[in-house]
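Take a look at the structure below.
Every read-out reported here was derived from the displayed coordinates using simple, explicitly stated rules and does not represent laboratory data. Here the structure is a predicted model, which means the values were calculated and not measured. When we count neighbours, we look across all protein chains shown, and the Cβ atoms used for this are built from the backbone with ideal geometry, even at glycine.
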Amino acid sequence: MTTDEKQKKDAPKTQQLDQSELIASLQESLKRYETILDDLDVYMGETDLEGNITFINDAGCRMMELSRKKLLGLHYKFWTTPETAERIRQIYEKIYITGIPVKNVVFEVIDKHGRQRMVDQSISVIRNAEGVITGFRNVALDITDRKEAEDKLRKSEARYRLLADNMTDAVWMMDINLNVLYASPSVKKLIGYTNEEIKQRTPESFLTPESFNNAMAVFSEEVIKAKADPSYLPIRTLELEFYRKNGTTYWSESTFSFIRDENGIPVSILAEGRDITDRKEAEDKLAEHRSRLEAIFRSVKDAIITVDPNLMVIEANKSTENICGTEVKEIIGKEFPRCQRHCNQACHEVLRQTLEKKTAIKEYRIECDNQHRLQQIVSLSSSSLLDPQGKFMGAVLVIRDITLLRDLERELRERNQFQNIIGRNKKMQDIYSLLEDLATVDTTVLVTGESGTGKELVARALHYSGKRAFKPFITVSCSALAESLLESELFGHVKGAFTGAIRDKQGRFQVADGGTILLDEIGDISPLIQLKLLRVLQEREFERVGESTPQKVNVRVIANTNKDLKEKVNRGEFRSDLYYRLKVVEVALPPLRERLEDLPLLIDHFRQSFNERLKKNVEGISNEVLSTFMNYTWPGNVRELEHVMEHAFVLCHGATITIHHLPADLRHYDYSGEKLPSRLQTKKRLDIEEILDALKKTGGNKAKAAQLLGISRQTFYRKINAK
């Protein structure tokens, strides 16, 4: 075989070998290329035309804190904000059309933790062998730290520029012997001396004697420390009083530092002073004002106690010792409930309500049950304690001893109202006194009276006037439920006690624990419930339906009825032992027809109430309406009057309620039979206090006052002249 033939035969093998070597060489070059790219701190990546990542180096993985495997194939929207994603899309579109790279564009990217980073990015196109654009190449440098440093530098520069432009503090430079080397323009403005005059004067001529001695003592001490320790930095602040050239003075808050030579030896002092004259004057005035307030605080006869949000006593005045019987020094800094050792601690409940709800409580009357001050009555008021910025910082309690006032009220003055009960009839005055006596004790009370006389109002007045006022007040309508339901309602039941008892239920007695329970229409309960109630009243315990374990309860019981319980006892319909247990004290409310002189008060009360509720401005009722009211029998009592007034308010669109605004049955009421004596017949004369009271209620308007009293204007003038 010839040489040429042999070369031709071996040519394919050589070509195949050369191609393999070329591929291996290319792969090795690609690997080196990728290694070089991975070693770079610059992010390099490529995307297809859709924006999906087709290549990313290690720097990009580190920046995103994700592996290459997780990043490949992700769209650029994944690692940036919607706004930045839209910018990239627009740049891609522009580069695709023009083929021109875009350099140094700042973008925001988001790592896997949601943190934003800033990158300086350049973008160019990727072309294949035919020159067709197949994707985009991104080269980015993480400039987050640089941007943050630049931002801080800009902010710092802006602050210092602002300080330099608006410097009002005085700046002094002195040698170690306190000779002035430099004074800023603000110094000259403050003291009135020229720069040359300042340098020629000694510190003693600038400072008042007291301030000079104070400054010298401090400087001498600090210089010794600074010379002994090159790293020592003084942190002393002095308040110094300077003389001005015109003889007046001003106060400066001065701080200073040492300027050292290359050996760390202090060679001069840099001092900065801020004019605090206004502040010092304000402090002096504040101190004077505080002194006056403390004098008032000490001299006020009411006890005043302030507490923080944790009920720790902040301060108390001297009167606290007189009213509460506790020395002030023994309660400051202590928890308020632990300071009340000799009373029923009703004050604690008032403060707790103010701290929890941040609402004021005014003139809440209680009997203290103080062991050292028997039958002491006080009025409690509490409100939020706020700092100058309005931030809540506790509560203040004012305790006023009204024992004598209460006694005087009973003896000398008739009252028009007790809680929400309205009336000044003699019977009502007696009821008010009785309610005051009952408010501070836990005695069981029976409230009797016709329907609509205000029996529930009496029960509420007893509850909210006593020490249980901030505990539950629970009402149970005894006539509205069947025996089985009423038993469960009162005492509760356990799961499975009867059909439909799918879970345990608390009874009303349990809910009212610590407070008051009102048994409404007690005369309608069955013998079984009567027996169970008797046990509660005797033993202060009950059993839930379906349970034999007794439960103790601390609750005050008030019952009301419009029935004659005594008659029901005689007929065997009501247990006598329960009757006498309920009727420890009876409050018998009179029907409205027996206290017609209270009609003007009640009418005015409802007028104000409905004006506020219905957003009207009715000023009163006509004489004809008043005459109708005075001659009507009011079978529904006060409740009926309330409904009549509401009916009239709905129809009245003027200032005065007339006969046409009343319900039809009242307008057409037959007076042909025996009439009840009118107010004018039952009370022949009006006393001066009643006339003055009417004038006060009507703002001095005599016509309205006459209308309120149920007399003509001429009669009213005649009575005024007669007085």
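Relative protection proxy for 521-531, 220-230, from highest mean packing down: 521-531, 220-230 (other beta-carbon atoms within 10 angstrom). Rounded to the nearest whole Hz, the Karplus-based 3J(HN,Hα) values (6.51 cos²θ - 1.76 cosθ + 1.60, θ = phi - 60°) of region 318-325 follow the sequence 5, 5, 4, 5, 6, 7, 9, x, with x at glycine and proline.
Each other residue within a Cβ distance under 11 Å of H493 adds +1 if Lys or Arg and -1 if Asp or Glu, for a net charge of -1. Shape analysis of region 112-233 yields a ratio of the Cα radius of gyration to the Kirkwood radius, Rg/Rh, of 1.41. Translational diffusion coefficient of region 420-588 (Stokes-Einstein, Kirkwood radius from Cα pairs, 10 °C, 1.306 mPa s): 96 µm²/s. Less than 5 angstrom separates the built amide H of Q417 from those of G423, all sequence-distant by 5 or more or on a different chain. Computed extension length for K702-D284: 145.1 nm, one decimal, from 0.36 nm per residue of separation with the Cα-Cα distance subtracted.
For the pair S156 and A217, a Förster radius of 41 Å applied to the C-beta separation gives a FRET efficiency near 0.65, rounded to the nearest 0.05. Counting 0.36 nm for each residue step from E327 to K616 and taking away their Cα separation leaves a gain of 98.7 nm.
Over region 523-562, the alpha carbon radius of gyration divided by the compact-protein estimate 2.2 N^0.38 Å works out to 1.25. Residues within the reach of a label modelled at A149 (point 7 angstrom out along Cα to beta-carbon, backbone nitrogen below 17 Å), restricted to region 106-130, are 118-120.
The distance between label points at I502 and Q345 comes to 4.1 nm (points 7 Å beyond Cα on the Cα→Cβ vector).
Using the average count of surrounding beta-carbon atoms within 10 Å as a protection proxy, the listed peptides 89-97, 556-564 rank, highest first, as 556-564, 89-97. Amide H contacts of G620: I657, each under 5 Å away and 5 or more positions distant or on a separate chain (H built 1.01 Å from N in the peptide plane; Pro and chain starts excluded).
The fraction of all Cα pairs in region 269-334 landing in successive 5 Å bins from 0 to the largest distance is 4, 15, 16, 16, 13, 10, 8, 7, 5, 4, 2, 1, given as whole percents. The label-point distance for T202 and S384, in a model that sets each label 7 Å from Cα toward Cβ, rounds to 5.9 nm. Placing a label point 7 Å from the Cα of R87 along the Cα-to-Cβ direction, the residues of region 105-127 whose backbone N falls under 16 Å of that point are 105-111, 116-124. Calculated translational diffusion coefficient of region 23-146 (25 °C, 0.890 mPa s; Stokes-Einstein with Kirkwood radius over alpha-carbon pairs) equals 164 µm²/s. Using 0.36 nm per residue and subtracting the Cα-Cα separation, the extra length available between K334 and V105 on full extension is 75.9 nm. Rounded to the nearest whole Hz, the Karplus-based 3J(HN,Hα) values (6.51 cos²θ - 1.76 cosθ + 1.60, θ = phi - 60°) of region 106-119 follow the sequence 8, 10, 9, 10, 10, 7, 5, 8, x, 7, 8, 10, 9, 10, with x at glycine and proline. Across region 385-537, C-alpha contacts under 8 Å between residues 6 or more apart give a mean separation that, scaled by the residue count, equals a relative contact order of 18 percent.
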